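The values are calculated or read from the model by the stated rules, or taken from the named source; none is laboratory data. Owing to the predicted nature of the structure, the values given are computational and were not obtained by experimental measurement. Only protein heavy atoms, including side chains, enter the accessible area calculation; ligands, DNA and RNA are left aside. Shrake-Rupley method; radii C 1.70, N 1.55, O 1.52, S 1.80 Å.
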Amino acid sequence: MAEDINGAVTRWDISEADLPVAVLTAPTGDRVFLLPDSSIDGIAVYRDDVAGLIKTLRHRGVDIDFACAREDRRYLSEYGATEVVATVGIAVATTLTTDLVKSIVLTAWQRARSSLGPSCPEEEVSEACVTVKIAEIVRTGNETVIRGLEITSQLADVENLLQAAASDLARAELSPTDPDDAASEDTTG
């Protein structure tokens with residue numbers, strides 16, 4: 001785990017069983033998948049305002065989609081603003097590229113903006129504390145490796161922390177290994 005005055009980068013323990021099939025079988029590319037906030041009896045549960053979020057992000061050039069098919073998801077409006085801002089779950093079917101990092105950061109920013117409201121000043125949005133969980137699915141031959149990465153910081157610092165984690169050679173060690181090994185790593189460079 002890496003701690004920094006601006007945030008923390010840690011391993012996110014996620015497995016194939018935790019991810020929707022559509023994400024695991026998606027073609028390799030720059031598409032970002034919005035993971036559900038929870039699951040109840042096999043049905044993906046998203047916050048009720050994510051349809052607008054997806055449309056806004058597509059309009060802004062992000063190749064994003066729900067991780068679950070329409071018939072397999074439900075919407076819930078019982079989240080408070082703090083819960084909405086707190087965590088964003090993303091999956092990508094490739095290694096993290098600069099373009100994907102920018103798409104992830106824009107997704108987190110729009111998530112915070114939509115939950116805090118359009119009248120919230122940009123400075124407050126940038127200062128919002130968020131957790132961005134990223135499942136990076138990398139396929140080589142017949143093997144699928146899922147690396148989970150979790151960043152908790154002020155929104156303004158997410159891009160730098162994510163760029164550092166994505167470019168750090170030690171990042172490969174974030175795949176499921178001995179938890180003690182992962183806890184001692186510094187993934188911010």
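Data for the structure
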quantity	calculated
Search result, residues across the range 29-38 that are open to solvent by 50 Å² or more (accessible area, probe 1.4 Å) and either in a helix (DSSP H, G or I) or at pLDDT 90 or above (or both)	31
Residues (assigned to a strand (DSSP E or B) and open to solvent by 20 Å² or more (accessible area, probe 1.4 Å)) located in the range 132-167	133, 138, 139, 140, 143, 144, 145, 147, 150, 152, 154
Which numbered condition residue 144 fails, given (1) under 17 Å from residue 26 (Cα atoms); (2) modelled with pLDDT of 90 or more	(2)
Subset of the range 113-131 [assigned to a helix (DSSP H, G or I) and not β-branched (Val, Ile, Thr)]	113, 114, 115, 116, 122, 123, 124, 126, 127
